[in-house]
Amino acid sequence: MQPRQIELRIKRIKRDLMKLGPMRPGALSMQYAACQKPGCACVDPVKPKKHGPFYQLSYSHLGKSTTRFVRPNYAGQIKKELAAYKRFRELTQEWVTQELALSQLRLDLARRKDDEK
Ligand SMILES: [Zn+2]
């Protein structure tokens, strides 16, 4: 791989990063719950019908884990933001990978040049 090719890749990664919309880390899960009130359908002994689904959003940021409920009508937007964050992570990791390769390549090229002297 030539430095130019890697530089081009990095350029593309930066361009893709600029296109990312709103994002947030975490995972969304669906939960069902029983309120346990006597007579409620959720505690029916034969065919219990739990309440829900409730969307639960879990994430950790700066070493702190948080879980919170999300209203169903926001689930779509949250899913988009989670996907954007995932893409952000992929792109930044790829960026670092390419930068490492580029740096190493430059070191190798410089060494070869010195050896030729
Ligand atoms: Zn209930």
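Structure notes:
- Enumeration of residues in segment 16-61 that are outside any strand (DSSP E or B), under 18 Å from G76 (Cα atoms) and among the hydrophobic types (A, V, I, L, M, F, W, C): L20, M23
- Hits in segment 90-114 (condition: without any contact (Cβ under 8 Å) to a residue 24 or more places away in the chain and within 18 Å of the chain's Cα centre (by Cα)): E90, Q93, V96, T97
- All conditions in (1) at pLDDT below 95; (2) over 30 Å from R106 (Cα atoms); (3) of a type outside the set (V, I, T) hold for R24, with the sole exception of (1).
- Taken over segment 1-10, the criterion of being surrounded by 10 or more Cβ atoms within 10 Å (Cβ to Cβ) and either assigned to a helix (DSSP H, G or I) or acidic (D, E) (or both) is satisfied by P3, Q5, I6, E7, L8, R9, I10.
- When F69 is tested against (1) modelled with pLDDT of 95 or more; (2) aromatic (F, W, Y); (3) over 30 Å from M1 (Cα atoms), only condition (1) is not met.
- Search result, residues across segment 28-57 that are surrounded by 13 or more Cβ atoms within 10 Å (Cβ to Cβ), over 14 Å from R71 (Cα atoms) and in contact with a strand residue (DSSP E or B) (Cβ under 9 Å, 6 or more places away or on another chain): A34, C40, A41, C42, K50
- The residues of segment 24-44 that are more than 10 Å from the ligand (Cβ to nearest atom) and either touching a residue at least 60 places away in the same chain (Cβ under 8 Å) or not aliphatic (A, V, I, L, M) (or both), listed by number, are R24, P25, G26, S29, Q31, Y32.
The values are calculated or read from the model by the stated rules, or taken from the named source; none is laboratory data. Bear in mind that the values here come from a model prediction, so they are computed numbers and not experimental data. Methodologically, a virtual Cβ is constructed for each residue, glycine included, from the backbone with ideal geometry; neighbour enumeration extends over all protein chains shown.
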